[in-house]
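The values are calculated or read from the model by the stated rules, or taken from the named source; none is laboratory data. As the structure is a prediction and not an experimental result, all values here were calculated from the model. Positions of Cβ are generated from backbone atoms using ideal geometry, with glycine treated the same way; all protein chains shown enter the neighbour counts.
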Amino acid sequence: MKLTANQYPQESARVLREEPHVRDSVTGATLNFDGKRRLAYAEVDAETWRHWAEGVKNHVLMNLDQYLLQAEASLKRNGVQVHWAEHAEAARRIVAEIARAGQVKKVVKAKTMVSEELGINPMLEGMGIETLETDLGEYLIQLLGQPPSHIVGPAIHLNLDQIRQLFHQRFQTPTGASPEDLAAVARKLLREGFLKADMGISGANFVVAETGTLALIENEGNIRLSTSAPRIHVALVGIEKLLPRFSDLSVFLSLTARAATGQRLGTFVSLLQGPRTAGESDGPEEVHVILVDNGRSSVLADPLAWETLRCVRCAACLNACPVYRQTGGHPYGYVYSGPIGAILSPGLLGLEETKPLPYASSLCGACFQACPVRIPIPRLLLTWRNRAVDEGLTPKLEAAAIKGYALAMTQPWAYSLASKAIRMLPHKALDNTIVPVLKAWTQGRAGLEPSPRSFHQLWDAGEV
Ligand code: SF4
């Protein structure tokens, strides 16, 4: 996908200015999800669950080499063909080869963020293969030619009127069609797609190393159909998605659903054990699992950022984030948005390509409280900000101003000198017209007016 993360400040401002409905739609939906998440956490001993899940994922990451080999062996034992993709290009090449060998003409896709990350749809379409997104939200944004705006709810930025309009233009539905009528139209189209497809592409929420089980959570039933109706199933799986034992699944499945949508369990949970075997009446003839690195190894090797890989892509941090809520995911300029995008994207793509993202946060800590695997997102945001400073990626004037501020706050003589200088400035001197560095701040706020007398003077006079 086209990468525009460095345009985050301009893009987020543009969305706020020109697309106010996005803020309304995203805020409404995320507050709803987050409220349900809180209730679902309150039903269980969520702190114990979160600590346990953190421990399991840490264990997997510390022993990832062994678990990957174990997963490969288990998958092969189940009849699955396992492929390794070091980067996006390799993954695309593997998918293309599978499609060519299987003479694939039509593909149905279950929602998978890894596929977005790898640019699978444009590659397939370039080969002349018809590609149909079957998650309703993904289908909507495919019709619009947009990337996802949210990990779990890709069309979260659209309101009902926009969807009505879209369906009216594309399928001639009445302009006042009910959500049920719109869903019925989509269902009919998607059903036909499942029946005609040669290949289904999915991700996986988890892969169990012990048993080679692919676990997928969903609410629409489209994953179940995408992975079982076509004769070929391809699962794109990030290498961090492993769990050691089958017995680990139950808590992870429930914890992920609670974090994502406030459900005790997803409406459908598929546990896939490989292709159709002799005597079975349905299921794919071939199952391929592509284990994708694409930058994950370097995140794992990073002593300060490796914890990012605990992520189960539940989007609870997006729903809890007061900054994400204002704009949705598009301004982040990459497939992963919100707090997880702000710490994962620099790790996968490099800080030079994603400089503004770690600053897209108020550091309120709500993301950490929501995260089912206790990723210390606020600390990691600061890690990337520190690196941006160390690598000279922040504006020089800002770095100088912060150094000056640090001096004033740690040396009494410097504080006294600075406060005297500020008090000598004329009225409104700190307005944006005179001090450009404050322009962004004062654009939406009153200009700063220094007090004529210092705190010490007021104190000495007994006035405070
Ligand atoms: S960082 Fe945590 S809350 Fe955010 S998507 Fe990942 S697992 Fe979910």
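Scanning the stretch 326-341 for residues that are in a helix (DSSP H, G or I) and within 14 Å of the ligand (Cβ to nearest atom) returns 332, 338, 339, 340, 341. Take the stretch 108-125 and flag every residue that is more than 21 Å from the chain's Cα centre (by Cα) and under 21 Å from residue 273 (Cα atoms). Passing the criteria: only 108.
Only one of the numbered conditions (1) within 15 Å of the ligand (Cβ to nearest atom); (2) within 28 Å of residue 81 (Cβ to Cβ); (3) in contact (Cβ under 8 Å) with a residue 60 or more places away in the chain; (4) assigned by TED's automatic domain parsing to the domain that holds residue 99 is violated by residue 311, and that is (4). State whether the residues of the stretch 165-175 include one that is closer than 22 Å to residue 249 by Cβ and not polar (S, T, N, Q). Scanning the stretch 165-175, I find no residue that is closer than 22 Å to residue 249 by Cβ and not polar (S, T, N, Q), so the answer is no. From the list 338, 328, 295, the one residue that fits, being modelled with pLDDT of 95 or more, at positive phi and either among the polar types (S, T, N, Q) or surrounded by fewer than 22 Cβ atoms within 10 Å (Cβ to Cβ) (or both), is 295. State which residue is farthest from residue 76 (Cα to Cα) when the search covers only the stretch 277-300 and only residues that are more than 33 Å from the chain's Cα centre (by Cα) and not hydrophobic (A, V, I, L, M, F, W, C). Once the filter is applied, the top-ranked residue is 281.
For residue 289, the conditions (1) more than 10 Å from the ligand (Cβ to nearest atom); (2) among the hydrophobic types (A, V, I, L, M, F, W, C); (3) in a helix (DSSP H, G or I) are fulfilled apart from (3). Taking the conditions (1) more than 16 Å from the ligand (Cβ to nearest atom); (2) buried (at least 19 other Cβ atoms within 10 Å of the Cβ) in turn, residue 241 satisfies each one other than (1). Limited to the stretch 110-137, what total is found for residues that are assigned to a helix (DSSP H, G or I) and among the hydroxyl-bearing types (Ser, Thr, Tyr)? Total meeting the criteria: 1. Checked against (1) at pLDDT 95 or above; (2) closer than 23 Å to residue 207 by Cβ; (3) within 16 Å of the ligand (Cβ to nearest atom), residue 46 passes all but a single condition, namely (2).
Looking only at the stretch 342-380, residues that are under 17 Å from residue 298 (Cβ atoms) and within 9 Å of the ligand (Cβ to nearest atom) come to 2 in all. The sole residue among 266, 279 that is within 27 Å of residue 200 (Cβ to Cβ) and without any contact (Cβ under 8 Å) to a residue 40 or more places away in the chain is 279.
Residues of the stretch 385-423 that are polar (S, T, N, Q) and in a helix (DSSP H, G or I): 386, 410, 416, 419.
In the stretch 211-238, of all residues being of a type in the set (Gly, Ala, Ser) and closer than 28 Å to residue 191 by Cα, the one that is surrounded by the most Cβ atoms within 10 Å (Cβ to Cβ) corresponds to 226.
The criterion of at least 1 residues that are β-branched (Val, Ile, Thr), within 21 Å of residue 83 (Cβ to Cβ) and within 26 Å of the chain's Cα centre (by Cα) is met, among helices (runs of 4 or more DSSP H) falling completely within the stretch 138-250, by 222-228.
When you scan the stretch 248-261, how many residues do you find that are of a type outside the set (A, V, I, L, M) and away from the ligand (no atom under 13 Å from the Cβ)? The total comes to 3.
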